[in-house]
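Here is the structure we will look at.
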Amino acid sequence: MAERENRRERREDRREREETPEFADRLVAINRVSKTVKGGKRFGFAALVVVGDQRGRVGFGKGKAKEVPEAIRKATEQAKRSMVRVPLRDGRTLHHDIEGRHGAGKVVMRTAVPGTGIIAGGPMRAVFEMLGVQDVVAKSLGSQNPYNMIRATMDGLKKEASPRMVAQRRGKKVGDVLKKSEPEAAEA
């Protein structure tokens with residue numbers, strides 16, 4: 001009897017976890033394409049979605065379907081599968097300035113002081129909001145295609161390294177990586 005109650009409780013817990021979404025998603029673009037056939041026109045839809053937990057994980061996906069909700073669902077599923085973790089400084093900004101490229105798209109992302117906010121254009125803004133960044137200055141150069149802008153942004157974010165990662169790679173302590181020694185600062 002007790003075992004049955006435990007199973008029921010676990011099932012209810014699982015339902016509650018499924019109902020509470022751990023990820024936020026943002027629809028960036030919907031594209032409608034039409035195909036002319038003998039009986040008229042057939043419409044299809046392509047959706048671009050950015051998904052993130054707003055605590056350092058973000059991903060994007062695209063989906064195509066005959067109906068808009070189905071395209072969005074497909075894009076969201078793909079975005080959840082392609083998530084990457086990005087280290088953030090104080091949970092609010094980037095550790096260093098970075099540049100990302102994809103095709104003709106180029107984006108420049110810079111760290112910002114507290115209170116700056118997200119200064120970025122459409123698709124890039126969606127990525128930063130879903131990532132959980134609060135202060136960043138970004139500029140898109142080149143392609144204005146939302147797909148290329150998001151891919152370039154993701155390329156740049158993958159390049160970001162925290163002081164802890166750099167110290168680990170060099171075999172040093174985090175303090176050694178962050179501080180400049182006095183003789184080096186005097187020479188510069």
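So the values come out like this:
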item: Region 146-181, residues that are touching a residue at least 40 places away in the same chain (Cβ under 8 Å), over 16 Å from R57 (Cα atoms) and among the charged types (D, E, K, R); result: R164
item: Any chance F23 is at pLDDT below 95, within 12 Å of the chain's Cα centre (by Cα) and closer than 30 Å to E160 by Cβ; result: yes
item: Residue match in region 134-145 (condition: closer than 17 Å to R57 by Cβ, crowded, with 20+ Cβ neighbours inside 10 Å and not assigned by TED's automatic domain parsing to the domain that holds R26); result: yes
item: Index of the failed condition, V113 passing every other in (1) in contact (Cβ under 8 Å) with a residue 24 or more places away in the chain; (2) not assigned by TED's automatic domain parsing to the domain that holds A24; result: (1)
item: Checking P123 against (1) surrounded by fewer than 19 Cβ atoms within 10 Å (Cβ to Cβ); (2) under 15 Å from the mean Cα position of the chain (by Cα); (3) assigned by TED's automatic domain parsing to the domain that holds V174, the condition it does not meet; result: (1)
item: Residue count for region 52-65, restricted to those that are in contact (Cβ under 8 Å) with a residue 24 or more places away in the chain and surrounded by fewer than 20 Cβ atoms within 10 Å (Cβ to Cβ); result: 6
item: Elements of type strands (runs of 3 or more DSSP E) contained in region 97-173, each with 3 or more residues being in contact with a strand residue (DSSP E or B) (Cβ under 9 Å, 6 or more places away or on another chain) and farther than 17 Å from R85 by Cβ; result: 105-111, 136-142
item: Selection within region 49-89 - assigned to a loop (DSSP other than H, G, I, E, B) and out of contact with any His (no Cβ under 8 Å at 6 or more places or on another chain); result: D53, Q54, R55, G56, K66, E67, S82, M83, V86
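The values are calculated or read from the model by the stated rules, or taken from the named source; none is laboratory data. Quantities reported herein were computed from a predicted structural model and do not represent experimental measurements. Virtual Cβ from ideal backbone geometry, glycine too; neighbours counted across all protein chains shown.
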